[in-house]
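What follows is a single structure, written as structure tokens, with notes after it.
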Amino acid sequence: MTILAIDPGLNNGIAILDCERRLLLATEIPVIGEGANKRLNLISFADILTQFRIRRAVVEDVAAMPKQGLTSTFRFGRAAGSFEGALAALKIPTTFIRPTIWKRDIGARAKRDEDIRALAIQTWSDQAHRFARKRDHNRTEAALIGLWFLQHSGWTSGGEDTPPTPPTSSLPAGSRVFVGGEGWRTL
């Protein structure tokens, strides 16, 4: 069983982990178009979801940054919403977690990208090549978001055709969970 973790935006990162916390993939979804027409290549995203048989997702619960311009805020929101829309359309149950919560819980209190990247390299030393460049910080965050989810959700493998249902009571207060068919729940 695999889970998908996403650090959303045009400059995004995604990671796929199995229930034993092994990192299977850490990459970005490519951007298509130029300038104001930049968008995520959601066909590539759908291909990954299908290839890895994703049954659960966790997404960083992001917001616009202070002093960010209107155009960049719109682009960021469109990209983040594209991920959410694709997951909802495919009825993949999704948990949203605030950056301050997951970073605190896994010990990544520093806001520097290099410190977070070093933590990922330490955690998955056999996959260090996936985090080799400074610009890999988004995929690094996605991998650590996935690790946070596996540590706090109670998610365990229930067999290939039986998606496990993690107990939501072990997720921190403030986590937002989208359950297909049931809608949003805030813990």
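The modelled label-to-label distance between residue 24 and residue 63, using points 7 Å beyond Cα along the C-beta direction, is 3.4 nm.
What length, rounded to one decimal in nm, is gained on full extension from residue 151 through to residue 46, with 0.36 nm per residue of separation minus their alpha-carbon distance? Intermediate results must be reported in sequence, preceding the final value.
Details: separation 105, 0.36 × 105 = 37.80 nm, distance 2.61 nm.
Using 0.36 nm per residue and subtracting the Cα-Cα distance, I get 35.2 nm.
The range 54-78 and the range 107-153 have Cα centres spaced 19 Å apart. Taking a point 7 Å from the Cα of residue 70 along the Cα-to-Cβ direction, the residues of the range 9-36 with backbone N closer than 20 Å to it are 35-36.
Values quoted throughout were computed directly from the atomic coordinates according to the rules given, and no laboratory measurement underlies them. What you are looking at is a predicted structure, and each value in this text was computed from that prediction instead of being measured. A quick note on method: Cβ atoms are made from the backbone with ideal geometry, for glycine too, and the neighbour counts reach across all protein chains shown.
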